[in-house]
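Only one structure is covered here, and it is reproduced in the block below.
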Amino acid sequence: MLQGSVVCVARQQSHRRCRVAMATEKERGARKARSVQPLSISFGATSQSEARETRKCRLKERRDYISQHTPLPTQRSPRPERHSRSAGEEGLRMASGDSSSLHTIHSALQECFRALQEQHEAWKRVLAACTPLLSSLANLAEQMQASQKVSFANTPLRDFPDLPERLRHKQQCAMEALLEVLQQDHLMELQKVRDTVGVCVDSVFRLCEQPGDGLSLETTFQRSASCPSLADMLEWLLDVEEFYHRVYLGLKFLLLQVSYTNLMEMQALPKAWEQVLQQGLQNTAEEVLLKVSFFLEAV
C-alpha cells in the first residue's frame, strides 16, 4: 500500500513538472512573439521614413532643375493704348523725317540737273567746234594721198625738185596743228564736262547715303505728275554720267590712234567720230533733261 501511494505521488509530481514545463515553454514563445513584433514594426516605420525623405530629396532636385532650366518670365507688355499711341507718334516722326530728307534731296537734284543743262550745252558747243576740224583733217589726208600719186618730173614743176617734200611737210604740219587743237583744247573741254557732271552726281549720292537721311521704300518710289520718283532720277543721273564717260573715252582713243602716216584712217575720221557718238547714245542727256523739265520748274 505504501509503495503504491509513493508511485502515485511521483506521477503527480511528474505531471506537474510537465505542466510547468509546458507553461514555461508557452510563455517563452509568447515572449518571443512579443519581442519580434515590435522589431518588425520599428523596421517598417524606418523604411517609411526613409522613403519619405527620398521623395522629398527627389522633389527638391526636380524643383532645382526646373528653376535652373526655365527662363525668367518676361515683363508685361505695355497697354495696347499706349503702344498704339507710341507707334503713331513714331510713324509721324518717320514721316516728317522722310519729308525733310526728301525735300533736301530734291533741292540737290534740281541743282544737279541745272548744272547738267549748262554742261550739256558746253558739250554740244565743243562737239560742234570739232566737226570742221575733222573735215579739214580728212581733206588734208586726201590731198596728201593725191600728191603722193603725182609724178612731178613729168610736169612743169620739175624745175623745183624739193617741191614734193616741202608740200608734204606743209601738209603734215597742218594736220599736226589740227590734231593738237582737237587733243589739247577740245578734248580737254570734253573731259572738263565729264568731270563736272561726275562731281555733281557724286554729291547727290553722298547726300542720299548719309546715315541720318534714310528714306523708306515707299518714299523712294513715290512719284507725281510734275516730280519723278527719287529712284528714277538717281538712275537717270547714273545713265548720264556713264554717257559722258563712255563718249569721252571713245573720242580720246580715236584721236590718240590716228596719225598722218595712215591716210586712210585720217580720211575716215569724221565717220568714225559719228559712230562713237551714236554708240554713246548722244540723246541720253537730252532725254533725261526733257523728263525732268517740270521738276526743274517746280519751286
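All of the numbers you see were taken from the coordinates with simple rules; none came from a lab. Bear in mind the structure is a predicted one, so any value in this text is a computation, not a measurement. Cβ coordinates were reconstructed from backbone atoms using ideal geometry, including for glycine residues, and neighbour counts include every protein chain displayed.
If I take R0 = 41 Å and measure r between the Cβ atoms of MET188 and GLU297 in this structure, what FRET efficiency does the formula 1/(1 + (r/R0)^6) give, to the nearest 0.05? Write out the running numbers ahead of the final one.
Numbers: r = 34 Å, r/R0 = 0.82.
Approximately 0.75, to the nearest 0.05.
What pairs in LYS170/LYS192; LYS149/LYS170; LYS124/LYS271 have C-alpha atoms more than 23 Å from each other? Mind dumping the intermediate values first?
Working: LYS170/LYS192 32 Å; LYS149/LYS170 17 Å; LYS124/LYS271 18 Å.
From the list (LYS170/LYS192; LYS149/LYS170; LYS124/LYS271), the Cα-Cα distance tops 23 Å for LYS170/LYS192.
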Legend entry - Label point distance in nm, SER216-ARG114, each placed 7 Å from Cα along Cα→Cβ: 3.1
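Show me the ranking of peptides 171-178, 192-199 by mean Cβ neighbours inside 10 Å, starting with the highest. The partial results should precede the final answer.
Details: 171-178: 15.5, 192-199: 17.0.
Packing order, densest peptide first, comes out as 192-199, 171-178.
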Legend entry - Distance between modelled label sites at GLU180 and SER147, nm, 7 Å Cα→Cβ extension: 1.8
Legend entry - Burial ranking of peptide ranges 254-262, 112-120 (average Cβ count within 10 Å, highest at the top): 112-120, 254-262
